[in-house]
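The values are calculated or read from the model by the stated rules, or taken from the named source; none is laboratory data. Fair warning: this is a prediction, and the values are worked out from it, not measured in the lab. Methodologically, a virtual Cβ is constructed for each residue, glycine included, from the backbone with ideal geometry; neighbour enumeration extends over all protein chains shown. Keep in mind that these areas ignore ligands, DNA and RNA; they rest on the heavy atoms of the full protein, side chains included. Shrake-Rupley method; radii C 1.70, N 1.55, O 1.52, S 1.80 Å.
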Amino acid sequence: MKAFIKAISYNLPEKILDNEQIASEFPEWTVEKINNKIGIKQRHVTVEGETASDLAVGAAEKLFAANGIDRETIDYLIFVTQSPDYHLPTTACLIQTRLGLSKRVTAIDVNLGCNGFVAGLSLAKAVIVAGQAKNVLLLTGETYSKYMHERDKSNRTIFGDGAAATLVGTEGIAEIGEFVIGTDGTGAENLIVKTGGARHPEPAGDLKFDDFGNPRSSDNLYMDGPAILNYSLDSIPQLVADVLEKNGVSMDDIDLHVYHQANIFLANLERRKLKIAKEKYYCNIENVGNTVSSTIPIGLCLAMQDGSLKPGMKVLSVAQGLGYTWGGMVLFF
């Protein structure tokens, strides 16, 4: 049995954080500097009381409305997030009720970051191929803005909040090919929020500022940018080669590359290292930012809307994320 993507939608918060506002808070970061270095002009961020599940529910409702989908046909729900509503219960259970899905639906959370869509889609395909479900609703949603210190000018320029909804079934617009997925937990502390979980439940209150004025705290999102950059650039060539081999295609066969998009600097380095023609590398983060697990589905959705992605195309998607985890796949439209 084969598995297909049937439809994709996405949802962003109404509040926008643009480079003009960031530059007003950090005069040493001009609008031009942010545009040139990060390649993101604006990102959407949640307001107080607005959660990743709110964004995911909105994405699902858009998916249902735009494609005439009967929500009663959904028999499996996967929610990929690192911003759950609560430690427990599972946020997917709450979403099941809010969306009015059948009580016979399986509802699970998956705690993964930038590689979350690839890993989530691999689970959705496995469920379909195993005959456990006919229609899997894969939701990705993240609100990293809630984990950042207000003086963290670096991460605030990069990350945006957002969600996407992808329906997977036995037929659709894109056949889901084979996956390559890996994990190396030795890099876990290079992108982390240390407190708030069972290991360190109480706030550490250890805020300090480095020589460049960047905040460092166990209570907020910490990212070692150079380490993440090196890990991504080191891992992506082999990942791409493995994905192509597993799917029985060559680089020349790929019509469009829709990768996880961290920032324009890393995107350009990846594209050049892999020798991908600029017109084949889809980039849409300028007005969205790095939405973590939702960057690839948002990219696919926008590429279909603007005509960059057409029926008959082969799409390669790869992602590297915190943990470390990575994954890739080919989609046959």
* Structure fact -> Using alpha carbon centers only, the stretch 82-121 is separated from the stretch 227-258 by a whole-angstrom value of 28 Å
* Structure fact -> Amide H neighbours of residue 313 at under 5 Å, excluding residues fewer than 5 places away on the same chain, with H built from the backbone geometry, are 333
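What are the equivalent ellipsoid semi-axes of the stretch 215-258, built from the alpha-carbon gyration tensor (square roots of five times its eigenvalues), in whole angstrom, biggest first?
Values for the stretch 215-258, descending: 34, 10, 9 Å.
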* **Chain lengthening between residue 283 and residue 90 when straightened (0.36 nm per residue, less Cα-Cα)** => 66.2 nm
* Share of the chain's accessible area from carbon and sulfur, percent, 1.4 Å? -> 51 percent
* Structure fact -> residue 119 neighbourhood, Cβ < 13 Å, K/R = +1, D/E = -1, net charge 0
* When the solvent-accessible surface of protein heavy atoms is calculated with a 1.4 angstrom probe, in what order do 272, 151, 104 fall, highest first? -> 104, 272, 151
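Heavy atoms only, probe 1.4 angstrom, no DNA, RNA or ligands counted: give me 61, 20 ranked by accessible area, highest first.
20, 61
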* Provide the per residue accessible area, probe 1.4 Å, for the stretch 38-148, rounded to a whole number of square angstrom. => 40 Å²
* List the aspartates and glutamates whose Cα lies under 16 Å from the Cα of residue 146, skipping any in the same chain that are fewer than 8 positions away. => 14, 48, 50, 54, 85, 161, 219
* Among the lysines, which have Cα under 19 Å from the Cα of residue 6 when same-chain residues fewer than 8 positions away are ignored? -> 62, 125, 134, 310, 314
* Exposure of residue 149 as accessible area (Å², to 10), given a probe of 1.4 Å and all protein chains -> 40 Å²
* To do: Could you list the chymotrypsin sites (Phe, Trp or Tyr not before Pro) in the stretch 29-103 that lie in coil according to DSSP, counting only those with at most 12 other Cβ atoms within 10 Å of their Cβ?
  => 86
* With only Lys, Arg, Asp and Glu charged, each at its Cβ (+1 for the first two, -1 for the last two), find how big the charge dipole of the chain is about the Cα centre; round to the nearest 20 debye. => 580 debye
* Take 173, 74 and sort them by solvent-accessible surface of the protein heavy atoms, 1.4 Å probe, largest at the top. => 173, 74
* To do: Compute, for residue 128, the solvent-accessible surface of its heavy atoms (probe 1.4 Å) with the complete set of protein chains present, and express it in square angstrom to the nearest 10.
  => 0 Å²
* Asked: Roughly what % antiparallel, to the nearest 5, for the DSSP beta bridges in the chain?
  -> 75 percent
